[in-house]
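The values are calculated or read from the model by the stated rules, or taken from the named source; none is laboratory data. Given the structure is predicted, the values throughout are model-derived calculations rather than measurements. FYI the Cβ positions are ideal-geometry reconstructions off the backbone, even for glycines, and counts take in every protein chain you see. Only protein heavy atoms, including side chains, enter the accessible area calculation; ligands, DNA and RNA are left aside. Shrake-Rupley method; radii C 1.70, N 1.55, O 1.52, S 1.80 Å.
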Amino acid sequence: MTQTTLLQYEAPWPVYAMDWCKTPSPKEQMRPRSSFRLGIGSFLENFSNRIAIVGLQDEHTLVEDDYAEYPDFVNLCDAHHGYPVTSLQWQPASAISYQWSQKSSLTELLATTGDALRLWEHSGEAQPAMSNFVGRTPSSSGHSLNLKTALSGQSKVQNNSNGAPLTNFSWNEKAPSLIVTSSIDTTCTVWDINTSAAITQLIAHDREVYDVAWLPGSTDIFVSVGADGSLRAFDLRSLEHSTILYETPAPKNVPPPSVSPSTSARPPTSPLLRIAFNPSDNNYMSTFHMDGSEIQILDMRSPGQPVLELKGHHGQINAVGWGSGDQPLLATAGDDCQLLLWDLANYTAASASMNANSPRSASSRLNSPRPDVKKKYVTEPAFAYTASTQITNLAWSPVIQGLNMNTGQSNAGEWVAIACGKTVKTLKV
């Protein structure tokens, strides 16, 4: 009996925002299917956007081939979101043991950004509804998804009281009450979602901020990228200044500006769209330029230029993400319909050995660059999958335990989900 390596879901709308649950459902921990839940958000150019939680219909689809006439995933619950969802994330695994002031231990939190930061509370079914026939939807799923709070503080740089649209956010794994958001108004805001209060808001870039990420293991340091083409690091213990870790090269032969720019503004350059840390070695980050087909791998100890550049795509890149295994792979996807998985362990291990005598902790200051190293190019991914259409986003599962059933077994491992129009595909790595 062959193991299933591809599962699929057809949404009623184009999917953009997407995330894989970090832990099984508190109410269904004994059901393996509760590790196969995705949060997805629509991207419609109107006010009728929705978010949904979809889940595996039956564990047998993981080990058997003859369930093709039934959908792999089913909609467990959904909710109205209004504006398009720019980012959606499940609570980090550490949230299970956190002492929340107003949340049951049997529910889970999800967060979304758009016109505001929204917290959603998901309640799964207490007793899994069973059916004698695969494909028969239970009369009531028992799942619910309810808006808990919407946070949109006063902007430092805009006069409107609602705050500017948010582009992305990062949920702190060490302290799950902390979320940092990025906005088109050049600011980043750190929120305490347990008290629904903004801890601090800072002007982070000269132009729009497109993505933000906490340094793994830290509750003080985060990085951001934006339309000004810079990657910057901030330390909440010292907000007087930021550290510029990387800037995209200024274009050559740029015509003079029509108006006099400010002395601090950078010349027009290629925006940086996403930033993601390697979870097993937080010195390394991945980013890419708008309209670019290469991925830059940066080392926080060697700011200024990438240490690696990945060349495998033939169109603009839309998403990057690291797995969570012992030696995590980096997934990249783009307009060339390709999902590429990169194994960079040998490259990063070589760099790490150069720094073996000077370990850097997550709580240290950002002021210990190592000598510059020459950039290497990687052109061969470890795995490639070609979809039928452009891939707009991706999401990794955590490592999911193996499953033994009377009809076969599914080995432990990671999955990666990709969004292609209205289709979500999940692939076993």
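On the given criteria, is Ser286 crowded, with 19+ Cβ neighbours inside 10 Å, under 20 Å from Ser182 (Cβ atoms), modelled with pLDDT under 95 and small (Gly, Ala, Ser)? Against the criterion (crowded, with 19+ Cβ neighbours inside 10 Å, under 20 Å from Ser182 (Cβ atoms), modelled with pLDDT under 95 and small (Gly, Ala, Ser)), Ser286 does not qualify. Only one entry of Ser123, Ser104, Ser87 meets the criterion of being of a type in the set (Gly, Ala, Ser) and more than 20 Å from Ile40 (Cβ to Cβ), and that entry is Ser104. Among the numbered conditions (1) free of Cβ contacts under 8 Å to residues at least 24 places away in the same chain; (2) under 21 Å from Ser286 (Cβ atoms); (3) not small (Gly, Ala, Ser), the only one that Asp192 does not meet is (2).
Considering only the range 286-328, give the strands (runs of 3 or more DSSP E) lying wholly within it that have at least 3 residues that are within 20 Å of the chain's Cα centre (by Cα). Qualifying strands (runs of 3 or more DSSP E): 294-299, 317-322.
For the range 393-419, filtering for residues that are assigned to a strand (DSSP E or B) and either in contact (Cβ under 8 Å) with a residue 60 or more places away in the chain or charged (D, E, K, R) (or both) leaves 15. For residues in the range 16-38 being open to solvent by less than 20 Å² (accessible area, probe 1.4 Å) and under 15 Å from Gln57 (Cα atoms), which is farthest from the chain's Cα centre (by Cα)? Taking the candidates together, the pick is Glu28.
Strands (runs of 3 or more DSSP E) fully within the range 73-127 that include at least 1 residues being in contact with a Cys (Cβ under 9 Å, 6 or more places away or on another chain) and surrounded by 17 or more Cβ atoms within 10 Å (Cβ to Cβ): 87-90, 107-113, 117-123. Scoring Gln390 on the criteria (1) part of a loop (DSSP other than H, G, I, E, B); (2) within 26 Å of Phe234 (Cβ to Cβ); (3) of a type in the set (S, T, N, Q); (4) at pLDDT 95 or above leaves a single failure, condition (2).
Selection over the range 39-65 of residues that are closer than 17 Å to Ser410 by Cα, assigned to a loop (DSSP other than H, G, I, E, B) and either open to solvent by less than 10 Å² (accessible area, probe 1.4 Å) or at pLDDT 95 or above (or both) gives a count of 1.
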